[in-house]
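As structure tokens, the structure follows; a few thoughts come after it.
The values are calculated or read from the model by the stated rules, or taken from the named source; none is laboratory data. Keep in mind it's a predicted model, so treat the numbers as computed, not measured. Because the Cβ atoms are built from the backbone with ideal geometry, glycine has one as well, and the counts that use them run over all protein chains shown. Side chains included, ligands, DNA and RNA excluded: accessible areas come from the protein's heavy atoms. Shrake-Rupley method; radii C 1.70, N 1.55, O 1.52, S 1.80 Å.
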Amino acid sequence: MFQYLSVLNPVLQALLAGTFTWFITALGASVVFFTVKVNQKFLDFMLGLAGGVMIAASFWSLLAPAIEISEGHPLGSWFPAAAGFLAGAVFLRLIDKILPHLHIGFPLEDAEGVKTSWRRSILLVLAITMHNIPEGLAIGVAFGSAAAGLPSATLAGAIALAMGIGLQNFPEGFAVSVPLRREGLTRFKSFWYGQISAIVEPVSAVIGAAAVMAAKPLLPYALAFAAGAMIFVVVEEVIPESQRNGNTDLATGGAILGFLVMMVLDVAFG
């Protein structure tokens, strides 16, 4: 498979990787066909795992290469990484402020973003969709940077990143579909909304790869931008959600395990 991917255009590589992570989300959403009872402790553990994966990916796969690439920058190697990281966080904050969405488990009156009359199911899907955008961007930028021939960015590392994000997408799928089923939607509709929340990943992966290929000087900024967006999502949504039901030890253990798994994937294969 590695040899097959290595001869493809980086944008196509990013599209395939983004499609893979979407497919894993769809697999998670398909749990709703078999049960509507997901143990809350297990769900909180998996959310913690997802947060740990995203934090590790932000550093090992994105920030560290951005700093290494920026050696010799007139303002210091830290500047592109810091600027890109801040821009990514601010970008997600603006989306969070504007896009109507509702976090899982909250009443409809707690919906965030611009006020709207959209259905609860749509708002729940948009909440997950919002943090799938930086994941897709991270994948695309990783494949684009690998194609640039930089020693700190490799195809194996980009594949490892896609695998790590795919791993944490599985619980995201059933975290959407199962609550929707409990609220009275059919199994198929619950599955449909669960998987559609990740359809932005292949789209944003293509955008990320294409942007890097078109303007290579933007590469360290783009890597750090994706990292800042991912960290915003983890701190603003994933970690608080994993701790909200009182299973703090399980959620924290999941986060540590997720970080460890993603670190090993990146270092071993990157």
Of (1) charged (D, E, K, R); (2) part of a helix (DSSP H, G or I); (3) surrounded by fewer than 23 Cβ atoms within 10 Å (Cβ to Cβ), residue 44 fails just (3)
Restricting the range 101-128 to residues that are open to solvent by less than 20 Å² (accessible area, probe 1.4 Å) and not in a loop (DSSP other than H, G, I, E, B), the one nearest to residue 66 (Cα to Cα) turns out to be 128
request  = Determine whether the range 54-64 contains at least one residue that is of a type in the set (Gly, Ala, Ser) and open to solvent by 20 Å² or more (accessible area, probe 1.4 Å).
outcome  = yes
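In this structure, is residue 161 open to solvent by less than 20 Å² (accessible area, probe 1.4 Å), at pLDDT 85 or above, under 30 Å from residue 10 (Cβ atoms) and hydrophobic (A, V, I, L, M, F, W, C)?
Yes.
Rundown of residues vs (1) in contact with a strand residue (DSSP E or B) (Cβ under 8 Å, 6 or more places away or on another chain); (2) open to solvent by 60 Å² or more (accessible area, probe 1.4 Å); (3) under 26 Å from residue 160 (Cβ atoms); (4) among the small types (Gly, Ala, Ser), yes/no style:
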| position | (1), (2), (3), (4) |
| --- | --- |
| 176 | no, no, yes, no |
| 179 | no, no, no, no |
| 199 | no, yes, yes, no |
| 242 | no, no, yes, yes |
| 245 | no, yes, no, no |
| 249 | no, yes, no, no |
| 257 | no, yes, yes, no |
Just one listed residue, out of 238, 212, 178, is under 30 Å from residue 76 (Cβ atoms) and either in contact with a Pro (Cβ under 8 Å, 6 or more places away or on another chain) or modelled with pLDDT under 90 (or both), and it is 212
The condition from (1) at pLDDT 90 or above; (2) open to solvent by 30 Å² or more (accessible area, probe 1.4 Å); (3) of a type in the set (Gly, Ala, Ser) that residue 6 misses is numbered (1)
Taking first residues from the range 182-193 that are over 15 Å from residue 25 (Cα atoms) and modelled with pLDDT under 85 and second residues anywhere that are β-branched (Val, Ile, Thr) and surrounded by fewer than 19 Cβ atoms within 10 Å (Cβ to Cβ), the pairs with Cβ under 9 Å that are 6 or more apart or on different chains are 182/36
Residue hits (the range 135-156; more than 15 Å from residue 212 (Cα to Cα) and open to solvent by less than 10 Å² (accessible area, probe 1.4 Å)) are 135
Residues in the range 27-41: is at least one open to solvent by less than 20 Å² (accessible area, probe 1.4 Å) and of a type in the set (Gly, Ala, Ser)? yes
